[in-house]
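The values are calculated or read from the model by the stated rules, or taken from the named source; none is laboratory data. Predicted, not measured: the structure shown is a model, and the values here were computed from it. Reconstructed Cβ throughout: ideal geometry from the backbone, glycine too, with neighbour counts over all protein chains shown.
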Amino acid sequence: MSESKTLGVSLISGILFGTGLVISGMTDPTKVIGFLDLLNGWDPTLAFVLAGATGSHMLARPLLVKKFPENVASGVEKKVEVDRQLMMGAAIFGIGWGLGGYCPGPAVTATIPALGSTLIFVIAMLAGMFAFKWNQNRME
Amino acid sequence: MITLDEALIALGGGVLIGTSASVLLAFNGRVAGISGIIGGLFYAKEGDVRWRLIFVAGMIAAGLALASSMPEAFTTLDRPTWTIILSGLLVGIGTRMGNGCTSGHGVCGLARFSKRSFYAVCTFLGTGILTATIVGQILGGVA
């Protein structure tokens, strides 16, 4: 596939993703924390978003595997074992998510409209991603 | 709690996210994991940068397009700045160490019944719930 087609697919996919996040309320960190905080008036919205997103992708997968076997095979993570790094990383991510109410997608989508603390979050997140990669390269 | 309409809208928004993941995997052979797409920009290989930037631009464009019609979707958290900075750092480091976030593990990984993603999702949901609940008791709720 030509590069312009690849980029067009990326653009459409990014727009769909961002639109889905905004419509479903995930760009509002108070809704996310409202789901994760069990003792301050629980907000189940996030569960419906995850059900819609994971469920629809799960239903589409058999068709994708049949029609685009090479792309599906090349895209997914090759590693299968559950290791310390996976569990540590997920645990650290969860703490940050529960503290600020943002995961990477919603934060980036909301950066310009929200500014303020959202922009601060995104800068800190990029710094964290860079720091991890930098340290990883240094260790190799 | 939320109304049926709000639940259906959330479900519909989720379907858009799932469709985005299907489109990206089918045509580009890429997983719609946002932390991976963004994190991959650091020390990226030649020719592996533009599709990532364009995807992020698409997300930002969607946010901008909906900003005036749905301002309530862009509420910010009224919490001390140091908690926001700490939160960002932990999300950045954790998602790269654990090779994925809510989208990569939660949407794409769970949809293909990946064992790694199942463990990751249970873990970050667990520590997320624990953190939000404890912090909510100290600093008060946000809703």
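Name the single residue, out of those in the stretch B:118-143 being surrounded by fewer than 20 Cβ atoms within 10 Å (Cβ to Cβ) and aromatic (Phe, Trp, Tyr), that is farthest from the other protein chains (Cβ to nearest Cβ).
B:PHE118
Which residues, counting only those in the stretch B:94-117, are out of contact with any Pro (no Cβ under 7 Å at 6 or more places or on another chain), crowded, with 24+ Cβ neighbours inside 10 Å and under 15 Å from A:MET125 (Cβ atoms)?
Within the stretch B:94-117, B:GLY94, B:ARG96, B:GLY98, B:GLY100, B:THR102, B:SER103, B:GLY104 qualify.
So which residues in the stretch A:4-30 are assigned to a helix (DSSP H, G or I), of a type in the set (A, V, I, L, M, F, W, C) and closer than 20 Å to A:TYR102 by Cα, if there are any at all?
Matches in the stretch A:4-30: A:ILE15, A:LEU16, A:PHE17, A:LEU21, A:VAL22, A:ILE23.
Could you identify the single residue in B:GLY58, B:GLY63 that is in contact with a helix residue (DSSP H, G or I) (Cβ under 6 Å, 6 or more places away or on another chain), closer than 17 Å to A:ILE123 by Cβ and either of a type outside the set (Asp, Glu) or modelled with pLDDT under 95 (or both)?
Step by step, each of B:GLY58, B:GLY63 is checked, and only B:GLY63 is in contact with a helix residue (DSSP H, G or I) (Cβ under 6 Å, 6 or more places away or on another chain), closer than 17 Å to A:ILE123 by Cβ and either of a type outside the set (Asp, Glu) or modelled with pLDDT under 95 (or both).
Hey, does the stretch A:88-101 have a residue that's under 18 Å from B:THR127 (Cβ atoms), touching a residue at least 12 places away in the same chain (Cβ under 8 Å) and not in a helix (DSSP H, G or I)?
Scanning the stretch A:88-101 turns up at least one residue that is under 18 Å from B:THR127 (Cβ atoms), touching a residue at least 12 places away in the same chain (Cβ under 8 Å) and not in a helix (DSSP H, G or I).
Which count do you get for residues in the stretch B:52-84 that are farther than 12 Å from A:GLY14 by Cβ and within 17 Å of the chain's Cα centre (by Cα)?
Final tally of qualifying residues: 6.
Within the stretch A:125-132, can one find any residue that is surrounded by 15 or more Cβ atoms within 10 Å (Cβ to Cβ), in contact with a Cys (Cβ under 6 Å, 6 or more places away or on another chain) and either at the interface with another protein chain (Cβ under 7 Å from one of its Cβ atoms) or modelled with pLDDT of 95 or more (or both)?
no
Evaluate the stretch B:40-63: report whether one residue or more is more than 7 Å from every other protein chain (Cβ to nearest Cβ) and in contact (Cβ under 8 Å) with a residue 60 or more places away in the chain.
Scanning the stretch B:40-63 turns up no residue that is more than 7 Å from every other protein chain (Cβ to nearest Cβ) and in contact (Cβ under 8 Å) with a residue 60 or more places away in the chain.
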